[in-house]
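Novice: Before I ask anything, let me first share the structure, which is written out below as structure tokens.
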Amino acid sequence: DGGFRGVIKNVLYFDVSGFVLEYNNRIGTILTVDSNTYQIVRYRTNVGTSRNIGVEAFAELDWIKLFRRESKHKLSTFVNTAYINAVYTDSKQKAYYLKKVEYVPELIFRCGITYGFKGFGLTYQYSYTGEQFSDATNSESSSSAIYGTIPEYIVMDASASYTWKFMG
């Protein structure tokens with residue numbers, strides 16, 4: 001794990017980092033058939049060794065301070081991106097070898113804009129999360145629709161806040 005972060009002229013903030021994680025004897029979720037009911041069930045077990053390699057980058061720029069350093073207003077945009085490659089690299093069962101680790105999307109992307117003045121703040125954020133799997137077998141789907149691929153999705157959010165001194 002390593003990276004660097006900084007601030008340029010109190011206007012641009014950035015952070016870039018990378019990591020490698022090897023996880024031995026990782027407990028994961030697999031799909032198996034219940035011998036009594038013959039239904040597909042989720043089973044938590046030691047799947048094997050996983051390896052996660054990733055990089056994450058963040059930057060935020062205050063557009064008003066870029067031109068007027070002493071302004072009490074803030075208008076900033078930000079972007080955050082993470083790329084993660086997480087796979088099982090060793091397993092007692094070949095069915096999991098080089099399969100993607102469950103609940104780890106390859107790509108997460110967020111961006112937004114914030115306006116602030118004194119105690120008032122207004123933020124809009126857009127967030128994208130890439131496709132991921134719910135089990136170590138990387139099953140595409142199941143008859144119950146509970147297991148399988150979790151499709152990519154987008155969330156948009158707007159929020160407002162106001163802060164004031166109540167005491168002291």
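The values are calculated or read from the model by the stated rules, or taken from the named source; none is laboratory data. Treat the numbers as computed from the prediction; the structure is a model and nothing was measured. Note: ideal-geometry Cβ built from the backbone for every residue, glycine included; neighbour counts use all protein chains shown. Side chains included, ligands, DNA and RNA excluded: accessible areas come from the protein's heavy atoms. Shrake-Rupley method; radii C 1.70, N 1.55, O 1.52, S 1.80 Å.
Novice: Please work out if SER134 is more than 17 Å from VAL55 (Cα to Cα), out of contact with any Asp or Glu (no Cβ under 8 Å at 6 or more places or on another chain) and hydroxyl-bearing (Ser, Thr, Tyr).
Specialist: Against the criterion (more than 17 Å from VAL55 (Cα to Cα), out of contact with any Asp or Glu (no Cβ under 8 Å at 6 or more places or on another chain) and hydroxyl-bearing (Ser, Thr, Tyr)), SER134 does not qualify.
Novice: Still on this model: Go through (1) open to solvent by less than 80 Å² (accessible area, probe 1.4 Å); (2) within 13 Å of the chain's Cα centre (by Cα); (3) under 22 Å from LEU31 (Cα atoms) and name the single condition GLY148 misses.
Specialist: With respect to (1) open to solvent by less than 80 Å² (accessible area, probe 1.4 Å); (2) within 13 Å of the chain's Cα centre (by Cα); (3) under 22 Å from LEU31 (Cα atoms), GLY148 is out only on (2).
Novice: Determine which member of the set THR77, THR81 is out of contact with any Pro (no Cβ under 6 Å at 6 or more places or on another chain), within 13 Å of GLU106 (Cβ to Cβ) and either at pLDDT 95 or above or open to solvent by less than 40 Å² (accessible area, probe 1.4 Å) (or both).
Specialist: THR81
Novice: Which pairs do you get when a residue that is aromatic (Phe, Trp, Tyr), found in region 156-168, comes within reach of a residue that is assigned to a strand (DSSP E or B) and surrounded by 10 or more Cβ atoms within 10 Å (Cβ to Cβ), reach meaning Cβ atoms under 6 angstrom, with the pair 6+ apart or on two chains?
Specialist: TYR162/PHE120
Novice: Residues of region 120-142 being modelled with pLDDT of 90 or more, outside any strand (DSSP E or B) and surrounded by fewer than 16 Cβ atoms within 10 Å (Cβ to Cβ), which ones?
Specialist: Within region 120-142, GLU131 is the sole residue that qualifies.
Novice: Let me ask you something else. Could you pull out the residue among VAL33, VAL20, VAL11, VAL47 that is β-branched (Val, Ile, Thr), open to solvent by less than 50 Å² (accessible area, probe 1.4 Å) and over 30 Å from SER76 (Cβ atoms)?
Specialist: Selected residue: VAL47, the only one of VAL33, VAL20, VAL11, VAL47 that is β-branched (Val, Ile, Thr), open to solvent by less than 50 Å² (accessible area, probe 1.4 Å) and over 30 Å from SER76 (Cβ atoms).
Novice: While we're looking at this one, here's another question. If you go through region 31-54 one residue at a time, do you hit one that is under 30 Å from TYR124 (Cβ atoms) and touching a residue at least 12 places away in the same chain (Cβ under 8 Å)?
Specialist: yes
Novice: Take TYR43 and decide whether it is under 26 Å from VAL101 (Cα atoms), touching a strand residue (DSSP E or B) at 6+ places or on another chain (Cβ under 6 Å) and among the aromatic types (Phe, Trp, Tyr).
Specialist: Judged against the criteria, TYR43 is a match.
Novice: Still on this structure: Name the pairs whose Cβ atoms lie under 6 Å apart, with the first residue in region 96-122 and in contact (Cβ under 8 Å) with a residue 12 or more places away in the chain, the second charged (D, E, K, R) and buried (at least 17 other Cβ atoms within 10 Å of the Cβ), and 6 or more positions between them or separate chains?
Specialist: Matching pairs, first to second residue: GLU102/ASP135.
Novice: From the list GLU70, GLU140, GLU106, GLU60, exactly one residue is acidic (Asp, Glu) and in contact with an Asp or Glu (Cβ under 8 Å, 6 or more places away or on another chain). Which is it?
Specialist: Among GLU70, GLU140, GLU106, GLU60, only GLU106 is acidic (Asp, Glu) and in contact with an Asp or Glu (Cβ under 8 Å, 6 or more places away or on another chain).
Novice: Suppose we filter region 1-49 for residues that are of a type in the set (A, V, I, L, M, F, W, C) and within 21 Å of THR89 (Cβ to Cβ); how many remain?
Specialist: 7
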